[in-house]
Amino acid sequence: MPPPPPQGAMATGAAILTVPCSAGRPKRRDQRRGSAALSVRASADANTVTLLDYGAGNVRSVRNAIRHLGFGIRDVRSPEDILAADRLVFPGVGAFGSAMDVLNSTGMADALREYIRRDRPFLGICLGLQLLFDSSEENGPVSGLGVIPGVVRRFDSSKGLVVPHIGWNALEITKDTQLLQEVDGHHVYFVHSYHALPMLIETGFHQFAIMGEASYHPSPWATFRQFNFTQKRVEVPAHRKASKLAKRVIACLDVRSNDNGDLVVTKGDQYDVRDHSSSKEVRNLGKPVDLASQYYIDGADEVSFLNITGFRDFPLGDLPMLEVLRCASEKVFVPLTVGGGIRDFTDANGRYYSSLEVASEYFRSGADKISIGSDAVFAAEAFLQTGVKTGKSSLEQISRVYGNQAVVVSIDPRRVYVKSPEDVPFKTVKVSSKGPSGEEYAWYQCTVSGGRDSRPIGAYELAKAVEELGLYNHYIVTSSLAGQGCGFDIDLVKMVSDAVTIPVIASSGAGTVEHFSEVFEKTNASAALAAGIFHRKEVPILSVKEHLIDAGVEVRV
Ligand code: 1PR
């Protein structure tokens, strides 16, 4: 498997503590001393990296990166495995509180403190960095491992900052470090709502680096290559100038079985995926893994899979779909989002599966984020009726365990024209082109089950409700213009992206490169998603990016 190019580097949140040092160590509270009861086993093989994967998310691409560098992987099964490690990688995934619960209940928290106290090579990625701090505000305050004095705070969105900070951004490197050698000057991927604030005290470690905070990045190849699990130092000039957060171009693959039972990428014309010819076959636009890999090579900033029959079939029964995800995660080194059918489910044998179990299987199979459509509508409706946050909706359950940055809400509304805003109890917009009877206004009615059923809630009300539920994630705003090629629904995307501080992905309707610059110029969308235009090879992703650069929109190239 060829290594991905450096511009695909996805390394933004790591702490490295290496090289034994006895001087200058700060006084530590008792909990920082580690457990005397833990024994030390013989050292692990020098060609082996020990991986602390506590099962909360996708570390599949981290495994791929380590193997690519020629190392074997030893999984941590017990606290003793941590103490026996020659080099430890901790790709923390999920929410702070649940990760600390697992570390405390398994005795791994003490082992980690002890391992770091001994200044053994340690690479903490994202949450694996945050957990080293004293505490986090995430669902808390929650106490952390207390290795690094300081706290983990949520970004302040009150001044219009879009939170979570998601996407490809440049780094401002303020300290020489070999680790950032290959990513310097390139965009790297961030997904985080929280940032670590270390107290400025002597840490007692010779090499101590923090690269970004709290972000998740499934394939930190370039950083891994530089970490390379050795002590070699290379001087890198500091103080590089950072660029803006890049606008993203996302390729979306609607996946389902065709009539022969093969999983294919298809494309609906306003949700209708069957050919208009007499055969009425499901449109087959290619194989999911092949297309996803091609889009990654072509420069897609993210790839989304939608299991579009998931709303009626049980997604965990769809083993080929899970296999697609596994294979794609070995070839696609940008974030993978998967949606379709995430909800509570009882199978024919009466076995109950929570939406969390369904999502967990997607994460285990390689997803970095999951997207929820229908179930988010029901959760928002229930919340608006009762005003009560039950904590039981799929959104809340999954966010609690995997972190709210891992959950995307997919809004699938249809435009309903009205003569006046007073005609409906929903937020309306003055539309840029009038309705069939000259109507000047429209509201956007949410649908479920792949556009089949309309619900008594608008896209604006859904977006606000999800935000109030405290789910600071991400919206994909699809529209009934899907597959039309006549441009994004600017009125809809503007309405939603002006209403919330959560990043919005504009989806549906792209037919030319100009449609991409238009949506970024006229709305606050952070990303634009398209399907048909890429599947039908009408416009390559690179042409979209070149056009955006010419139009003055910053993108990752
Ligand atoms: O409701 O949580 O089970 O999620 C189901 C998901 O599957 C939803 O996001 C829903 O939009 C999607 N879905 C279900 N049926 C279809 C269908 O087409 N028959 N896809 C469908 C509709 C269209 C997008 C499309 C973009 C870009 N969504 O997936 O890729 O609109 O299209 P374009 O660039 O070609 O215009 P749940």
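The values are calculated or read from the model by the stated rules, or taken from the named source; none is laboratory data. Every value quoted in this text rests on a predicted model; they were computed, and no experiment measured them. Note: ideal-geometry Cβ built from the backbone for every residue, glycine included; neighbour counts use all protein chains shown. The area values use the complete protein model at the heavy-atom level, side chains included, leaving out ligands, DNA and RNA. Shrake-Rupley method; radii C 1.70, N 1.55, O 1.52, S 1.80 Å.
Laid out as a table, the results:
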{"item": "Any hit, region 379-386, residues being part of a loop (DSSP other than H, G, I, E, B), within 16 Å of the ligand (Cβ to nearest atom) and within 22 Å of the chain's Cα centre (by Cα)", "result": "no"}
{"item": "Residue in region 44-75 that is modelled with the lowest pLDDT, counting only those that are β-branched (Val, Ile, Thr) and open to solvent by 10 Å² or more (accessible area, probe 1.4 Å)", "result": "Thr48"}
{"item": "Residue among Thr309, Thr337 that is at pLDDT below 85 and closer than 24 Å to Ser293 by Cβ", "result": "Thr309"}
{"item": "Subset of region 76-98 [open to solvent by 40 Å² or more (accessible area, probe 1.4 Å) and farther than 25 Å from Glu361 by Cα]", "result": "Glu80"}
{"item": "In region 89-130, the residues that are outside any strand (DSSP E or B) and small (Gly, Ala, Ser)", "result": "Gly94, Ala95, Gly97, Ser98, Ala99, Ser105, Gly107, Ala109, Ala111, Gly128"}
{"item": "Yes/no for Lys392 being more than 15 Å from the ligand (Cβ to nearest atom) and modelled with pLDDT of 95 or more", "result": "no"}
{"item": "Failed criterion for Thr266 (all others in (1) within 16 Å of the ligand (Cβ to nearest atom); (2) hydroxyl-bearing (Ser, Thr, Tyr); (3) modelled with pLDDT of 80 or more; (4) open to solvent by 20 Å² or more (accessible area, probe 1.4 Å) hold)", "result": "(4)"}
{"item": "Residue match in region 22-42 (condition: within 25 Å of Asp110 (Cβ to Cβ), open to solvent by 30 Å² or more (accessible area, probe 1.4 Å), part of a loop (DSSP other than H, G, I, E, B) and modelled with pLDDT of 50 or more)", "result": "no"}
{"item": "Residue ID - modelled with the highest pLDDT, chosen from residues in region 400-421 that are buried (at least 23 other Cβ atoms within 10 Å of the Cβ) and assigned to a helix (DSSP H, G or I)", "result": "Ala406"}
{"item": "Scan of region 422-460 for residues that are more than 30 Å from Ile308 (Cα to Cα) and surrounded by 13 or more Cβ atoms within 10 Å (Cβ to Cβ), ordered by number", "result": "Asp423, Val424, Lys434, Glu439, Glu440, Tyr441"}
{"item": "Condition check for Val504: open to solvent by less than 10 Å² (accessible area, probe 1.4 Å), more than 23 Å from His187 (Cα to Cα), more than 12 Å from the ligand (Cβ to nearest atom) and among the aliphatic types (A, V, I, L, M)", "result": "no"}
{"item": "Residue in region 338-347 that is open to solvent by 20 Å² or more (accessible area, probe 1.4 Å), away from the ligand (no atom under 15 Å from the Cβ), assigned to a loop (DSSP other than H, G, I, E, B) and over 30 Å from Trp168 (Cβ atoms) present", "result": "yes"}
{"item": "Qualifying residues in region 269-293 (those that are in contact with a helix residue (DSSP H, G or I) (Cβ under 8 Å, 6 or more places away or on another chain) and either basic (Lys, Arg) or not in a loop (DSSP other than H, G, I, E, B) (or both)) - the one surrounded by the fewest Cβ atoms within 10 Å (Cβ to Cβ)", "result": "Ser293"}
{"item": "Positions within region 348-362 being more than 14 Å from the ligand (Cβ to nearest atom) and in contact with a strand residue (DSSP E or B) (Cβ under 7 Å, 6 or more places away or on another chain), in sequence order", "result": "Tyr352, Tyr353"}
{"item": "Residue match in region 451-461 (condition: touching a residue at least 60 places away in the same chain (Cβ under 8 Å), within 23 Å of the chain's Cα centre (by Cα) and either assigned to a strand (DSSP E or B) or within 16 Å of the ligand (Cβ to nearest atom) (or both))", "result": "no"}
